[in-house]
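The values are calculated or read from the model by the stated rules, or taken from the named source; none is laboratory data. Everything numeric in this text was worked out from a predicted model, so none of it was measured. Methodologically, a virtual Cβ is constructed for each residue, glycine included, from the backbone with ideal geometry; neighbour enumeration extends over all protein chains shown. When the accessible area is computed, the model is the full protein with side chains, heavy atoms only, and any ligands, DNA or RNA have been set aside. Shrake-Rupley method; radii C 1.70, N 1.55, O 1.52, S 1.80 Å.
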Amino acid sequence: MGMVFILTLLLLGFINHMKLKEKEFPQKSRQVYALIAEYGSRLYNYQARLRMPKEQLELLKKESQTLENNFREILFLIEQIDALKALLRDTRDGLHNHSWNANRDSAEGWNHTEIIDEEMSNLVNYILKKLREDQVQMADYALKSAGASVVEAGTSESYKNNKAKLYWHGIVFLNYEMPPDIILQPDVHPGKCWAFPGSQGHALIKLARKIVPTAVTMEHISEKVSPSGNTSSAPKEFSVYGILKQCEGEEIFLGQFVYNKTGTTVQTFALQHEVPELLLCVKLKILSNWGHPNYTCLYRFRVHGTQRDDS
């Protein structure tokens with residue numbers, strides 16, 4: 001009887017132990033599932049933060065395309081320079097062989113070859129210098145780094161474009177819209193332009209110093225490097241006025257011109273009407289563009305002229 005009683009107690013204890021395990025296991029399972037759910041939620045939120053807004057992705061794609069176009073232009077120029085160097089090297093070698101055959105036993109042949117080598121080297125350096133230097137070769141009195149500026153009170157409003165902004169949780173934290181004074185800077189790359197709404201607008205420019213204006217230069221990018229593949233937002237007809245009495249006086253008509261978007265990217269125009277007195281401010285008026293319905297984009301505008309020593 002004693003053994004039966006002890007075995008009965010052990011059996012009951014074992015049954016209760018198994019029941020307790022069955023109760024604890026679901027509880028532990030729920031804790032594990034809750035922990036997995038928590039980490040899954042954290043991972044989802046982290047991935048959501050890494051997702052870029054659609055506008056930012058479009059801007060990055062556009063910038064990538066711009067860099068690719070610039071890289072192609074650089075490669076093209078390098079190929080041209082290499083071809084030119086090869087041509088000059090072949091010419092030099094031909095002249096060297098001719099000189100060597102004609103004067104094989106004379107010291108004059110060596111001297112002549114050295115002179116040719118020096119001339120070829122000077123020619124290559126001259127061509128490279130011409131490729132690097134400014135095409136206009138006239139002082140720009142509308143250059144910002146020289147002291148010129150845009151008078152915003154006499155300038156059109158900039159074009160508002162939501163695609164040129166980057167958002168983070170609905171807050172604008174970066175704006176890619178260019179200010180009007182970008183047209184007074186030499187950095188002419190795709191997108192580095194001042195845009196105003198429509199096809200007509202104006203910019204009032206205070207020059208670096210008083211001059212008698214004689215010419216202006218308009219610059220725009222070519223279709224080859226344009227991210228959109230066209231330059232319909234380029235200015236077409238424009239006029240230039242001189243301003244008397246600082247930047248608030250009477251406007252004097254200096255000329256009206258047409259920028260040809262199929263021509264060279266840098267185009268200089270001699271003013272049609274010169275003024276005998278010194279001017280500090282000029283106004284650029286864009287009268288039309290090449291067909292873009294929403295905005296016009298200005299890249300660089302220069303003002304050339306003569307100055308007096310006593311000014």
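General remarks:
- Of all residues assigned to region 246-265, at least one qualifies as being of a type in the set (Val, Ile, Thr), more than 25 Å from residue 177 (Cβ to Cβ) and assigned to a strand (DSSP E or B).
- Put simply, of 194, 168 the only residue that is modelled with pLDDT of 90 or more and of a type in the set (Phe, Trp, Tyr) is 194.
- Scope region 210-260; condition closer than 17 Å to residue 302 by Cα and among the charged types (D, E, K, R); matching residues: 210, 219, 236, 237
- Residue within region 283-292 that is touching a residue at least 40 places away in the same chain (Cβ under 8 Å) and on the phi > 0 side of the Ramachandran plot present: yes
- All positions within region 191-221 that are over 19 Å from residue 246 (Cα atoms) and either open to solvent by 20 Å² or more (accessible area, probe 1.4 Å) or of a type in the set (A, V, I, L, M) (or both): 191, 192, 195, 197, 198, 199, 200, 215, 216, 218, 219, 221
- Counted residues, region 277-290 - those being open to solvent by 20 Å² or more (accessible area, probe 1.4 Å) and at pLDDT below 95: 3
- Scan of region 254-267 for residues that are open to solvent by 70 Å² or more (accessible area, probe 1.4 Å) and within 16 Å of residue 240 (Cβ to Cβ), ordered by number: 256, 258
- Residues of region 268-305 that are polar (S, T, N, Q) and in a loop (DSSP other than H, G, I, E, B): 272, 288, 294.
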